[in-house]
1. Each residue of region 16-22 in order: what ³J(HN,Hα) in whole Hz does its phi give by Karplus 6.51 cos²θ - 1.76 cosθ + 1.60, θ = phi - 60°, with x for Gly and Pro?
2. Could you give each residue of region 3-12 its phi-based ³J(HN,Hα) in whole Hz, using Karplus coefficients 6.51, -1.76, 1.60 with θ = phi - 60°, and x for Gly or Pro?
3. Could you work out the Kirkwood radius for the chain, taking every pair of different alpha carbons, averaging 1/r and inverting it, reported in Å?
4. So, counting K/R as plus one and D/E as minus one, what does the shell of residues with Cβ under 13 Å around residue 12 add up to?
Amino acid sequence: MQFIFKSIKNMFLDLISMIRGFTYGFLMVGLFILVVGTLIYGILYLKNIVL
C-alpha cells in the first residue's frame, strides 16, 4: 500500500515538474524571439537613420 502511494506521489511530482519545465521553456523561447526581433528592428532603424 505504501508503495502505491509513493508511486502516485512521484507521478504527480513528475507531472508538476514537466509542466513547470514546459512553461519555463516557452517563456525562454518567447523572450529570445522578442530580443532578436528588437535587435533586428534596432539595426534596421539605425541603418535608415544613417542612410
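1. Karplus-based 3J(HN,Hα) across region 16-22 equals 5, 5, 5, 5, 5, x, 5 Hz.
2. Those phi angles translate into 4, 5, 5, 5, 5, 5, 4, 5, 5, 5 Hz.
3. About 14.3 Å, per the Kirkwood formula over Cα pairs.
4. Taking every Cβ under 13 Å from that of residue 12, the sum is +2.
Readers should treat all values here as calculations from the given coordinates under stated rules, not as data from a laboratory. Note that this is a predicted model, so its numbers are computed, not measured. Note that each Cβ is placed from the backbone with ideal geometry, even for glycine, and that neighbours are counted across all protein chains shown.
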